[in-house]
Amino acid sequence: MTTSTYALAGELGELLLARHWHVTCAESCTGGGLASAITDIPGSSAWFDMGFVAYANHAKVALLGVDGDLLQAQGAVSEAVARAMAIGAMDRAGADLAVAVSGIAGPGGGTPEKPVGTVWFAWASRAGVVSRCELLRGDRADIRSDAVGIGLRGLVEYLQSTV
């Protein structure tokens, strides 16, 4: 984990503790990297109970309640699926805040419409869901690492922007 990722995870923990909130994550292409970054912070059990690694489509359905028809129609790497993953994780974990990440880390699997490095993010709270797509560069490790950083940064920014 990079120093900046550790700092983001620590800042996230401080913000969550101040609100008495819990966070969860729904991960596909990051394969547990977000949960790992969060639990690297001492005392994270005060604000993190569980996360979900739903790499395969059937896992997204079984663990997060993502609609199979939605996966079929939109594909796993899509805004709709990332949003459904975030909501499903938040509901199943009983968390106040969730982040979801679904993307193509490579080196294969890309298409002209969704090239390697396409990553959809969604951040959910009881107030709603925010999502965005990033086209990340580099090799598989770079893409996964950058996605973890973006996921954490989005959580921190959400908490900083709401009262």
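Points to keep in mind about this one:
- Looking at Gly103, Gly109, Gly75, Gly94, just one residue is under 27 Å from Ser161 (Cβ atoms), out of contact with any Gly (no Cβ under 9 Å at 6 or more places or on another chain) and modelled with pLDDT of 95 or more, and that residue is Gly94.
- Only one entry in Val61, Val116, Val66, Val81 is aliphatic (A, V, I, L, M), over 27 Å from Leu17 (Cβ atoms) and touching a Pro at 6+ places or on another chain (Cβ under 7 Å), namely Val116.
- Extreme residue, surrounded by the fewest Cβ atoms within 10 Å (Cβ to Cβ), among residues of the stretch 137-163 that are more than 15 Å from the chain's Cα centre (by Cα) and under 13 Å from Gly33 (Cβ atoms): Ala141
- For the stretch 38-59, a residue qualifies if it is within 16 Å of the chain's Cα centre (by Cα), without any contact (Cβ under 8 Å) to a residue 12 or more places away in the chain and more than 16 Å from Ala95 (Cβ to Cβ), and the qualifying residues are Ala56, Ala59.
- Pairs, first touching a residue at least 40 places away in the same chain (Cβ under 8 Å) in the stretch 113-131, second among the charged types (D, E, K, R) and surrounded by 17 or more Cβ atoms within 10 Å (Cβ to Cβ), C-beta under 9 Å, six or more apart: Val119/Asp146; Trp120/Arg83; Ala122/Arg83; Ala124/Arg83; Val129/Arg83; Ser131/Arg83
- Selection count where residues are within 17 Å of Ala141 (Cα to Cα), surrounded by fewer than 17 Cβ atoms within 10 Å (Cβ to Cβ) and not hydroxyl-bearing (Ser, Thr, Tyr), scope the stretch 1-52: 3
- Within the stretch 108-116, one or more residues are of a type outside the set (A, V, I, L, M, F, W, C), part of a loop (DSSP other than H, G, I, E, B) and touching a strand residue (DSSP E or B) at 6+ places or on another chain (Cβ under 8 Å).
The values are calculated or read from the model by the stated rules, or taken from the named source; none is laboratory data. Quick caveat, the model's predicted, so the values are computed rather than measured. All Cβ positions, even for glycine, are placed from backbone atoms using ideal geometry, and neighbour counts span all protein chains on display.
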